[in-house]
Amino acid sequence: MCNANDTQPRLKRRPVGRSVEHLEQLMDLEHGRMSRDVFWDRDIYEQELERIFARCWLFVAHESQIPKAGDYVSTYMGEDNVLIVRQKDGSVRGFLNTCPHRGNKVCFADLGNARQFVCNYHGWAFGIDGALKGMHASSAYEESGLDKSAHGLHPVAQIDSYRGLIFATLDPQAPSLAEYLGDFRYYLDAIFDMDEGGTEFIGGCVKSVIQCNWKFASENFVGDILHAGWTHDSGAKAMVGGPVAEVHKFPEQSYHVNFNGHGWEFNQDIVGNAATLGDKEIMKYLYVLQPKVAERLGELRSKMIGAISSCTLFPNSSFLPGQNTFRTWHPRGPGAIELHTWTFVNRNAPQAVKDAWRKGTMMTFSPSGVFEMDDGENWEYSTRTNSGFVTRQQDLYLGLGHETRLTDTGLPGNVYRGQINEANQRAFYQRWFDLMEAPSWGCVPQRDVATMEVKA
Amino acid sequence: MSAVARLPEIPVDAETQRRIEQFLYREARLLDDERWDDWLALMAEDIHYWMPTMENRRRADKLGAYALDRGALYNDNRLDLTRRVSRFKQPSAWAEDPPTRHAHVISGVEVYQGERTGEYVVHSSFVNYRSRVERDNDLLVGRREDLLRAVGDSFQIVRRKILMTQSVLMAKNLNTFL
Amino acid sequence: MAEPIFLIKKSDLDAGCVRRVECGGQALAVYNLGGCFYATQDGCTHATASLSEGEIIDDDCIACPVHDGTFHIPSGQAMSFPCEHALRTFKVIEQGDEVLVDLEQEADEAADAI
């Protein structure tokens, strides 16, 4: 469905800049140690914008958000504002949301349907394909010989989708999306392909600001179920009348899995996450669906559909099965993020079940949600304490679950025993380090080799 | 879209206006004082407590900034509100300990007759200022549209629609009612 | 009144569609609105733009593809920002399967409007 934009030279990229020195001293993952500088240092942040956010495949939209030609959403890739637009031929394109004339933001709406995008400043008008079609007082430009064909909106370097999730990258050299996700697609299918109708986003986007480093949010969802039992005790008691399940007591049936820095912690209790929404219809729906998913994807993945679990797609998009919140942590400097959250559901689910999820997701995982409410403060102060000059010279611990690697499960990716673990977090920071060190994609060490097909 | 169908704005007598203003001011004080159960008692059994999130759409976009089936920070019935209150009361509600200091400021109260006898359509604007630990200060400003029902010698809130000005909530959470 | 000139075959322009036709040294936009044919100048009166590349909206208006200003097709009147000046319209004559145009006469609706 999504074709790569073929006008790549229109998007200029400067040669990669100089790296912050001695990045290798920031972490000793083997021994579960890392520096706090990665959460505070401005130079490191600027390098992240270049080598992480302007390089990786980032989630930009769900297909269901832009079904018709001209439908668009305005979102961010790092701090770059982009428009993601459905084309007349059904493909999707992405453009920097900035006018090539004097740089003004072109589209001020969050979403909508457009026949064209017109800049407020001088009336430059762009088609939904990004082409410059004309401008106010056009004769003045014609007299100056402006070449309209060379001044369209700047396209993203590549755009593609997987199971309804649209990703884009600002790096023409990036590997294909299939390669970038690699074997992690096996696990993604447990949520985004559990039902033949696929998924859709419902209910719009809830946005908020958290004064924390983006990596605290990403690392939390990549593998940290451990915090739930303590941080979210009050939310669990509010929603289900009891504490969070004591998952640390049952490591045999739960895992950390990761690939290319993407990570998923999960157990096989089918509905553990979903149960926290406190809605019986959702539980019934998942229990009835589970045997069908088992036929479709096998027993293990059928037990992941609403289980106690969380996932981050490197670098900054995450979701929770069962609670059905999908979210992107857009960086806003080293000490802030803008959080965008959506509710996803199976497209074929009954309307009443979709409605229950829309409500339940926001009741639990939105800024007013009884679970999310306690996350923000943890991440804000994990960030803010590092303003202390001496404080930030003290290393942090990230050593849970050494020696838990499993090699005989037959599951794709790197698999670890027990969801109470920090293996995924270490893999996340390893990927972060690899990308931060590498001057180009070709220099990124290929630690994980896909066994699934990666050709487009 | 509206929590209360548009009715002709028929004013009420000064005494009713005064009693409803007092009711809303008292409600604000209960929230400032974290008297959650007393606050909950002001909500009718059939309460719909709704605070949609705002989308930036072009004026020509007929879908408007918010709708019932879109994003919301609150889209609650009585059970939902009870659950939220029960979280506030847990010793493990970390984001409330030490306590957040709240100031709920209510003004511009307009009261009109509702569709049924003993029901009132009440408009008000709010300023909510929260201070937490040392330097966490969050300001939220907006407008409310309530449907109140006379119960005994007081009132209950049957519908509340809360419209805030922010489209991106400029805070890590929303740990109060408005 | 000038000699009517052949513009387009009816069967070549579906209802709800617009097409650019060069005729008598000028560019015309020819419209089929539910079986009734109309012709206006093709160039937008606001900025350089070909209206035939625009979209017919609200049954009988053309939205300019560049700034989305609109004109009422039968009368040529400018309907919405940023368009302010009316389009030149032309009287069309339907003859069997053919649509002819009189380049010297406004459409009846435009004449009525004035």
Among the strands (runs of 3 or more DSSP E) contained in the stretch B:13-131, which hold 3 or more residues that are closer than 23 Å to A:G278 by Cα? B:43-52, B:72-76
Contact list, first residue from the stretch B:1-27 and hydroxyl-bearing (S, T, Y), second anywhere and modelled with pLDDT under 95, beta-carbon distance below 6 Å, six or more apart or interchain, is none
Taking A:G376 and the conditions (1) within 13 Å of another protein chain (Cβ to nearest Cβ); (2) over 20 Å from the mean Cα position of the chain (by Cα), which numbered condition does it fall short on, given that it satisfies the others? (2)
State all residues of the stretch A:157-194 that are within 19 Å of A:A294 (Cβ to Cβ) and acidic (D, E); if no residue qualifies, say none. A:D189, A:D193
So, of the residues in the stretch B:56-101 that are more than 7 Å from chain A (Cβ to nearest Cβ) and among the acidic types (D, E), which turns out to be surrounded by the fewest Cβ atoms within 10 Å (Cβ to Cβ)? B:D97
List the residue pairs whose Cβ atoms are under 7 Å apart, where the first residue sits in the stretch B:91-108 and is polar (S, T, N, Q), the second is part of a loop (DSSP other than H, G, I, E, B), and the two are 6 or more positions apart or on different chains. B:T100/B:N175
For the stretch A:172-275, please list each of the helices (runs of 4 or more DSSP H) lying entirely inside it that holds at least 3 residues being in contact with a helix residue (DSSP H, G or I) (Cβ under 9 Å, 6 or more places away or on another chain), under 28 Å from A:G78 (Cβ atoms) and more than 14 Å from every other protein chain (Cβ to nearest Cβ). A:184-192, A:214-223
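Conditions (1) more than 12 Å from chain A (Cβ to nearest Cβ); (2) on the phi < 0 side of the Ramachandran plot; (3) crowded, with 18+ Cβ neighbours inside 10 Å, marked per residue:
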site: C:T48; (1), (2), (3): no, yes, no
site: C:S52; (1), (2), (3): yes, yes, yes
site: C:E55; (1), (2), (3): no, yes, no
site: C:C61; (1), (2), (3): yes, yes, yes
site: C:P65; (1), (2), (3): no, yes, yes
site: C:S75; (1), (2), (3): yes, yes, yes
site: C:C83; (1), (2), (3): no, yes, yes
site: C:L87; (1), (2), (3): yes, yes, yes
site: C:I93; (1), (2), (3): yes, yes, no
Select, from A:E252, A:E295, the only residue that is surrounded by fewer than 21 Cβ atoms within 10 Å (Cβ to Cβ), at pLDDT 95 or above and in the same structural domain as A:W432 (by TED's automatic domain parsing). A:E295
Odd one out for A:D375 among (1) closer than 30 Å to A:M239 by Cβ; (2) assigned to a loop (DSSP other than H, G, I, E, B); (3) in contact (Cβ under 8 Å) with a residue 40 or more places away in the chain: (2)
Please enumerate the residues belonging to the stretch A:10-24 that are among the acidic types (D, E) and in contact (Cβ under 8 Å) with a residue 24 or more places away in the chain. A:E24
Would you be able to tell me the number of residues in the stretch B:3-41 that are surrounded by 11 or more Cβ atoms within 10 Å (Cβ to Cβ) and under 17 Å from B:V121 (Cβ atoms)? 15
For the list (1) under 30 Å from A:R426 (Cβ atoms); (2) more than 23 Å from the chain's Cα centre (by Cα); (3) of a type in the set (A, V, I, L, M), I need the number of the one condition that A:V293 fails. (1)
Quick one: in the stretch A:153-185, which of the residues that are touching a residue at least 40 places away in the same chain (Cβ under 8 Å) and among the charged types (D, E, K, R) is surrounded by the fewest Cβ atoms within 10 Å (Cβ to Cβ)? A:E179
Exactly one condition in (1) among the acidic types (D, E); (2) in contact with a Phe, Trp or Tyr (Cβ under 8 Å, 6 or more places away or on another chain); (3) more than 30 Å from A:A352 (Cβ to Cβ) is not met by B:D153; state its number. (2)
Just for the stretch A:139-165: of the residues that are within 12 Å of another protein chain (Cβ to nearest Cβ) and touching a Lys or Arg at 6+ places or on another chain (Cβ under 9 Å), which one is nearest to A:E196 (Cα to Cα)? A:K148
Regarding C:L28, is this residue buried (at least 21 other Cβ atoms within 10 Å of the Cβ), modelled with pLDDT of 95 or more and over 26 Å from A:A114 (Cβ atoms)? yes
Among the candidates A:I270, A:I210, single out the residue that is farther than 26 Å from A:R185 by Cβ and assigned by TED's automatic domain parsing to the domain that holds A:R405. A:I210
Those residues of the stretch A:350-369 which are crowded, with 23+ Cβ neighbours inside 10 Å and part of a loop (DSSP other than H, G, I, E, B), in sequence order: A:F365, A:S366, A:P367, A:S368, A:G369
Which residues, counting only those in the stretch A:87-104, are more than 12 Å from A:G127 (Cα to Cα) and loosely packed, with under 14 Cβ neighbours inside 10 Å? A:D89, A:G90, A:R102, A:G103
Can you find, within the stretch B:128-156, the residue that is farthest from B:M51 (Cα to Cα) among those that are away from chain A (no Cβ under 14 Å) and buried (at least 21 other Cβ atoms within 10 Å of the Cβ)? B:F155
Residue count, the stretch B:9-46 (criterion: of a type in the set (D, E), in contact with a helix residue (DSSP H, G or I) (Cβ under 8 Å, 6 or more places away or on another chain) and more than 18 Å from B:E119 (Cβ to Cβ)): 3
Applying the selection to the stretch A:64-119, what residues are among the hydroxyl-bearing types (S, T, Y), more than 14 Å from chain B (Cβ to nearest Cβ) and within 30 Å of A:P334 (Cβ to Cβ)? A:T98
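Take B:E110 and tell me if it is loosely packed, with under 13 Cβ neighbours inside 10 Å and either within 14 Å of chain A (Cβ to nearest Cβ) or over 14 Å from the mean Cα position of the chain (by Cα) (or both).
On the way: loosely packed, with under 13 Cβ neighbours inside 10 Å: no; either within 14 Å of chain A (Cβ to nearest Cβ) or over 14 Å from the mean Cα position of the chain (by Cα) (or both): yes.
Judged against the criteria, B:E110 is not a match.
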Within the bounds of the stretch A:387-395, is there any residue that is under 27 Å from B:L81 (Cα atoms) and either out of contact with any strand residue (DSSP E or B) (no Cβ under 9 Å at 6 or more places or on another chain) or part of a loop (DSSP other than H, G, I, E, B) (or both)? no
From A:Q425, A:Q419, grab the single residue that is under 15 Å from A:S218 (Cβ atoms), in contact (Cβ under 8 Å) with a residue 24 or more places away in the chain, surrounded by 22 or more Cβ atoms within 10 Å (Cβ to Cβ) and not charged (D, E, K, R). A:Q425
Restricting the stretch A:337-349 to residues that are facing another protein chain (nearest Cβ under 10 Å) and surrounded by fewer than 22 Cβ atoms within 10 Å (Cβ to Cβ), the one nearest to A:F59 (Cα to Cα) turns out to be A:H340
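The values are calculated or read from the model by the stated rules, or taken from the named source; none is laboratory data. Quantities reported herein were computed from a predicted structural model and do not represent experimental measurements. Backbone-built Cβ (ideal geometry, glycine too); neighbour counts: all protein chains shown.
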